[in-house]
Amino acid sequence: MQRHETLDLEDFEALLHRAATMIADRVERIGPCAEGPVVHPATFDELAALIPSDWPEAGAGAHAVLDDVARCIEPYATRIGHPRFLAWITTSPAPAGTLGDIVCTGLNQAPLSFKGGPAATVLEHVVLGWLARLFGLPQAADEGMDGPGGTIVSGGTMANLMGLTVARHTHFPEAATKGLAGIGRTPVLYVSDQGHMSIERSAVLLGLGADNVRAIPSGTDNRMDVAALRAAIAADRAAGLAPFCVVAQAGSVTTGAVDPLPEIADICAAEGLWFHVDAAYGGAAMLTDEGRALLAGIHRADSICVDPHKWFFIPLECGVTLFRSKAQQIATFRARASYLGEENPHDLKNTTFILSRANRALKVWFAFRTYGRERLRRIVTRNMELARHFRDLCAASPEWRVLAPVQLSIACARYVPQGDGWTEEQVDRLQVRLLERLEASGEGFLTPAMVRGRAGVRLCVANHRTSEADIRLLFDLMTTLGRELAAQGPLASPASRTAQPTQPSQTPQV
Ligand SMILES: Cc1ncc(COP(=O)(O)O)c(C=O)c1O
């Protein structure tokens, strides 16, 4: 019988072995004895010239393509996971999460409906249940509660959008049928001036408008000023607007600040406002006693954003929104269409905006079961200690100024040249030059931060491989680089080339 053509590969298993060997070698080389630069200096144009870009009429075969990957993709891949990659909030992925991700791709489930991925559906239920309990959300058995809901999405930006979508729908259900004009009032949302950009972005996408997002001032500890929040809500009510939601940060992107959650929860309860907590980064601190004390009150949230692909060491992509009430979530996202087939009460299509999706729960389940809570807790605790260690080294040196209290595992500090003749702006630019030099040295990769108007270097220790020796190495190297730049003086220094767009942005946005 003549076989029709398919896309199957005859030596699929051998190819998988080759791909697996490449991944394993890479993880080995990223590990504690890491060699080579953290970020490869190749430019876009250099790589574009190197990477095959023609779409061939006849295929080259997967072995040839794997050769290409080994030659011109893997060597240039940024070594996220290197013990001194402490940029943005981008974690070192746990190899067990990578295994789970590979299995997820291989099984290729479509859990929009139960039948498209029965085990995948249960896995999502299990993982969301673990996280809901970690945050202390009330369970179905608790009085008056229908039980927590949740969804697994691509990351924190999506997770915040999901939370705020349910907030809007719950407070203004008429918008679903009549559009925003049907509300007849102007909804207003509150977040501190340290809030992540995804909050404003969500407000724009939801049609609420960036002008109706109030940036509530934060204090010198970078936590929301709750008196200012109260005043802003009162002023908006007096002006006939419709306050409906407060977003609290539980680990702000720049400094890791945790807003006063109990006070904000009290205000939301008294004012009848939705309480959303952006714990995209800081949520993992709930594994530790110290973190639980810091995030006390988070169990009162209506929705929580938390990213397993940040401090839970899960490979990209994986974000989660948890909801206090599953019923509110389903009321927002219920998807009905004859082509979706028979309804099952567990269909995930009713829990979020999208239909087709990967079974991201698998990698979380795989990693959490592999390592257990205790091991994750120890690593999160060590990350917090390492950030404090960097802060202490800076505090003990006349050449460094600590820019913000360390609340979780982010430390921000500013190299201050000794001697006169430097303006604050020149010192700002020096921080950026310092980080460029660090990157060029291949020894580490950090991102800059603007903290209360002044630039500094920022370490985010969300890395299971970073050791005290790595922190020491970074501190010593940056001090040396700072001295070299300072020795050039403010005028001779490249830092004084004001035409260059070297100012760090207000917040490192990942
Ligand atoms: C507090 C906070 N919220 C949201 C986000 C957005 O997350 P993602 O980059 O996964 O979209 C970040 C990213 O760093 C963050 O720090």
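The values are calculated or read from the model by the stated rules, or taken from the named source; none is laboratory data. Quantities reported herein were computed from a predicted structural model and do not represent experimental measurements. Quick reminder, even Gly has a Cβ in these numbers, built from the backbone with ideal geometry, and neighbours come from all protein chains shown.
Structure summary
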quantity: Where A293 falls short, out of the listed (1) under 20 Å from A462 (Cα atoms); (2) outside any loop (DSSP other than H, G, I, E, B); (3) within 16 Å of the ligand (Cβ to nearest atom); calculated: (3)
quantity: Enumeration of residues in the stretch 170-189 that are under 17 Å from V213 (Cα atoms) and in contact (Cβ under 8 Å) with a residue 60 or more places away in the chain; calculated: H171, F172
quantity: Inter-residue pairs, beta-carbon under 6 Å, first crowded, with 16+ Cβ neighbours inside 10 Å and hydrophobic (A, V, I, L, M, F, W, C) and in the stretch 22-40, second in a helix (DSSP H, G or I) and at pLDDT 95 or above, 6+ apart; calculated: V39/E439
quantity: Single condition D146 does not satisfy, out of (1) over 27 Å from R360 (Cα atoms); (2) in a loop (DSSP other than H, G, I, E, B); calculated: (1)
quantity: Residue within the stretch 180-190 that is closer than 26 Å to R357 by Cβ, more than 25 Å from the chain's Cα centre (by Cα) and modelled with pLDDT of 95 or more present; calculated: no
quantity: K326 vs. criteria modelled with pLDDT of 95 or more, in contact with a Gly (Cβ under 6 Å, 6 or more places away or on another chain) and under 30 Å from G100 (Cβ atoms); calculated: yes
quantity: Close pairs from the stretch 261-284: first over 14 Å from F135 (Cα atoms), partner of a type in the set (K, R), Cβ under 6 Å, at least 6 apart; calculated: A265/R300
quantity: Per-region count, the stretch 195-248, residues within 14 Å of the ligand (Cβ to nearest atom) and assigned to a strand (DSSP E or B); calculated: 4
quantity: All helices (runs of 4 or more DSSP H) inside the stretch 3-77 with 1 or more residues being touching a Leu at 6+ places or on another chain (Cβ under 7 Å); calculated: 12-30, 62-72
quantity: Identity of the residue in the stretch 115-151, modelled with pLDDT under 95 and among the aliphatic types (A, V, I, L, M), that ends up farthest from T165 (Cα to Cα); calculated: A141
quantity: Candidates T98, T6, T90, T78 - the one that is surrounded by fewer than 13 Cβ atoms within 10 Å (Cβ to Cβ), hydroxyl-bearing (S, T, Y) and over 30 Å from A335 (Cα atoms); calculated: T6
quantity: Where a residue in the stretch 416-437 is over 12 Å from G489 (Cα atoms) and its partner, wherever it lies, is of a type in the set (K, R) and at pLDDT below 95, with Cβ under 9 Å and at least six apart; calculated: R429/R497
